Amino acid sequence: MADKNNQEIVIETDVLVIGGGIAACFAAVKAREQGVDVTLVSKGVIGRSGMSPWAHGTMAVPPEKKDKIRELADQAHVGGEYLNNCTWTERVIRESYARFQDMLAWGQPFLKDEKGDYIKPMSGNQEQEGRLWALEDGPGSWAKSLRNQPVKMGVRILEKVMIVDLIKQDGAVVGAVGITRNSFDLYVIRAKATVMCAGSGGFKPVGGWPLGDLTSDGHVMAYRAGAEITGKEFEDFHNGMVRRQGGIWLSNILPMTNAEGDSVPGFGFGLSADIEAHEGRAPLYRGEDEVFSGVALGLSVHTAEGVWPVDEDCSTGVSGLYVAGDSCATMIVGAAYSMGGSGSCNASVTGARAGLAAAGYSRQKVLPSINWEEFSELKDSVIMPARRKGGFSPNWVTQLLKNAMMPYYILRIKHADRLQPTLAFVEFMRDHLCPRLFARDPHELRLVHETKNMIINAEMKMRASLFRTESRGTHYREDYPLRSDPDWLAWVMIRQVNGKMTVYKKPIPQEWRPDLTAPYEERYPAAV
Amino acid sequence: MTLTIERIDAELCIGCGICVESCPTDVIRMDDKTKKAVIKYPEDCQLCGFCAIDCPQGAIYISPEKRTPLLTSWG
């Protein structure tokens with residue numbers, strides 16, 4: 001067993017970047033280009049962590065194609081059912097091509113046709129022509145190249161170090177505390193500015209997309225530091241489907257038939273498979289012998305959940321803290337994922353912006369001295385699970401949480417009668433099980449903190465889902481099955497107030513609202 | 001049923017440690033005594049397959065057999 005008399009490893013840096021995917025690498029490189037000292041910390045491995053390895057490609061529109069930019073922005077607006085942030089949508093599309101050029105310059109190969117033009121991914125449809133570019137080796141490509149540029153630029157890299165909490169002092173984030181895998185030593189990283197790029201998260205689904213290391217760490221750390229969170233009521237329908245015959249199926253658009261032999265309408269990024277199950281027409285089949293069950297990922301909509309950026313520089317309203325990638329809710333899409341390839345693109349654009357802004361902020365600051373008395377409380381909360389002699393194992397608690405979140409009738413087909421008791425159970429987990437989690441080794445200490453973060457994320461998802469008393473996009477309430485424009489052209493915001501999770505509305509600006517005098521079918525052309 | 005890391009062939013493993021570094025969820029560790037890679041935390045395998053892709057020896061086997069408890073949305 002590792003020595004529980006932990007040592008402290010103190011690192012001082014100008015800009016701390018937390019995460020290991022596209023956003024983190026862009027933030028680190030762009031900050032480093034400004035000549036400041038940058039430290040990049042991933043709990044996994046740069047390029048192999050989070051969602052970035054699974055990207056098929058990236059969206060990139062040449063800036064001169066103004067009509068295409070307009071068309072895409074309009075599609076995201078209608079497809080996201082008016083909950084996208086129009087300013088961010090246009091900003092990200094406009095800057096997509098410059099970031100695509102960065103990716104090429106960093107040595108990430110993209111597929112070309114025989115004429116030498118970049119081409120769309122295999123899974124792309126005609127609508128994606130001219131804007132979505134495929135990685136040469138398909139998913140997994142980033143794993144090979146993403147790490148190279150930060151290394152080349154002289155970014156300090158710490159891998160297999162999980163940042164557990166931010167250090168906040170006098171209202172500003174001044175660094176972070178992390179744990180490692182072979183000992184109970186603590187990393188204390190003192191930083192003038194911090195960029196959170198630790199992704200979003202699910203509930204460790206097994207079968208489906210590999211989200212085992214995405215546990216909402218970034219959202220929860222920023223939430224505890226005082227940032228605003230949004231988008232938690234929506235669901236990502238990149239369907240993970242499990243084949244009974246063995247193996248997992250990661251594709252999301254498949255022709256399917258139900259148990260009665262009828263074809264399943266509109267299967268894809270939607271609810272239809274779950275509705276078939278709800279009505280007693282599961283399992284679903286593809287061909288004669290492939291039988292599928294669904295896996296709820298627990299993610300909200302890509303790029304439309306997480307920390308609310310208060311300004312175009314990806315700042316959070318908490319001094320010294322910036323967010324990028326899936327940690328940052330730019331809301332470039334809204335209530336549904338309506339712009340394929342925008343996740344990678346959003347990560348690169350926000351990563352670059354946050355990195356630049358953090359570098360600028362760090363130049364105006366001196367490294368504040370740590371208030372060690374306050375800090376010792378934070379340190380204890382990080383290491384306490386390893387000091388406990390008994391309690392609950394993180395694997396057991398995670399299993400309970402998965403049992404609660406996975407059934408289709410919690411996150412996908414919702415009703416207050418089910419959300420309310422699930423929230424009560426999640427609160428019990430938060431109040432009674434979490435403080436008693438214990439870690440027998442450093443691996444389990446990581447699991448303890450991941451479990452705590454997933455439980456806070458579950459609480460956010462339950463509260464946001466209860467709060468939005470309508471159905472819109474991927475948020476479907478059986479007890480409120482219709483959209484309600486008068487009440488709900490608004491974002492659901494979450495913030496910690498006096499230690500309590502508080503949920504409230506932020507109205508969509510007037511100029512982004514649909515014309516309420518237009519017929520419903522015109523406002524919602526995709527509605528069945 | 002689902003894929004999971006099943007076995008690391010100790011004969012083929014040269015103890016380079018690449019798989020330990022490539023695993024995002026910390027499933028694989030080096031055995032202090034044998035200096036070979038071992039599957040230490042199989043329940044945390046997220047089925048990404050990076051270990052098998054990265055292994056220069058082809059020593060890591062991914063199995064179609066049920067090894068990890070599987071929970072589905074409906075069934």
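The values are calculated or read from the model by the stated rules, or taken from the named source; none is laboratory data. Everything quoted here is computed from the prediction, not taken from an experiment. Here Cβ is always computed from backbone atoms with ideal geometry, including for glycine, and neighbour counts include all displayed protein chains.
Of everything in the range A:317-330, what is out of contact with any strand residue (DSSP E or B) (no Cβ under 7 Å at 6 or more places or on another chain) and surrounded by 24 or more Cβ atoms within 10 Å (Cβ to Cβ)? Give them in sequence order. Listed by number, the residues that qualify are A:325, A:330. Assess whether residue A:251 counts as being of a type in the set (Ser, Thr, Tyr), assigned to a loop (DSSP other than H, G, I, E, B) and modelled with pLDDT under 70. For residue A:251, the condition - of a type in the set (Ser, Thr, Tyr), assigned to a loop (DSSP other than H, G, I, E, B) and modelled with pLDDT under 70 - is met.
Counting only residues that are over 13 Å from residue A:401 (Cα atoms) and either of a type in the set (A, V, I, L, M) or in a helix (DSSP H, G or I) (or both), the range A:462-488 holds 10 of them.
Among the residues of the range B:1-27, the ones that are more than 15 Å from residue A:48 (Cα to Cα) and within 11 Å of another protein chain (Cβ to nearest Cβ) come to 4 in all.
Quick grid of which residues meet (1) surrounded by fewer than 22 Cβ atoms within 10 Å (Cβ to Cβ); (2) in contact with a Gly (Cβ under 8 Å, 6 or more places away or on another chain); (3) at pLDDT 95 or above:
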site	(1), (2), (3)
A:264	yes, no, no
A:274	no, yes, no
A:294	no, yes, no
A:300	no, yes, no
A:333	no, yes, no
A:336	no, yes, no
A:341	no, yes, no
A:349	no, no, yes
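In this structure, residue A:11 qualifies as modelled with pLDDT of 95 or more and not charged (D, E, K, R).
A count restricted to the range A:460-488 and to residues that are touching a helix residue (DSSP H, G or I) at 6+ places or on another chain (Cβ under 8 Å) and hydrophobic (A, V, I, L, M, F, W, C) stands at 3. Contact map, the range A:376-402: first residue more than 14 Å from chain B (Cβ to nearest Cβ) and touching a residue at least 60 places away in the same chain (Cβ under 8 Å), second residue part of a helix (DSSP H, G or I) and of a type in the set (Val, Ile, Thr), Cβ cut-off under 8 Å, separation 6 or more or different chains; pairs are A:385/A:448.
Looking only at residues of the range A:204-236 that are away from chain B (no Cβ under 14 Å) and of a type in the set (Asp, Glu), we find that the one that is nearest to residue A:476 (Cα to Cα) is A:233. Of all the listed residues (A:280, A:294, A:360), the sole one being more than 21 Å from residue A:219 (Cβ to Cβ), within 14 Å of another protein chain (Cβ to nearest Cβ) and touching a residue at least 40 places away in the same chain (Cβ under 8 Å) is A:294. Any residue at all in the range B:28-40 that's within 9 Å of the chain's Cα centre (by Cα), assigned to a loop (DSSP other than H, G, I, E, B), within 13 Å of chain A (Cβ to nearest Cβ) and not hydrophobic (A, V, I, L, M, F, W, C)? Within the range B:28-40, one or more residues are within 9 Å of the chain's Cα centre (by Cα), assigned to a loop (DSSP other than H, G, I, E, B), within 13 Å of chain A (Cβ to nearest Cβ) and not hydrophobic (A, V, I, L, M, F, W, C).
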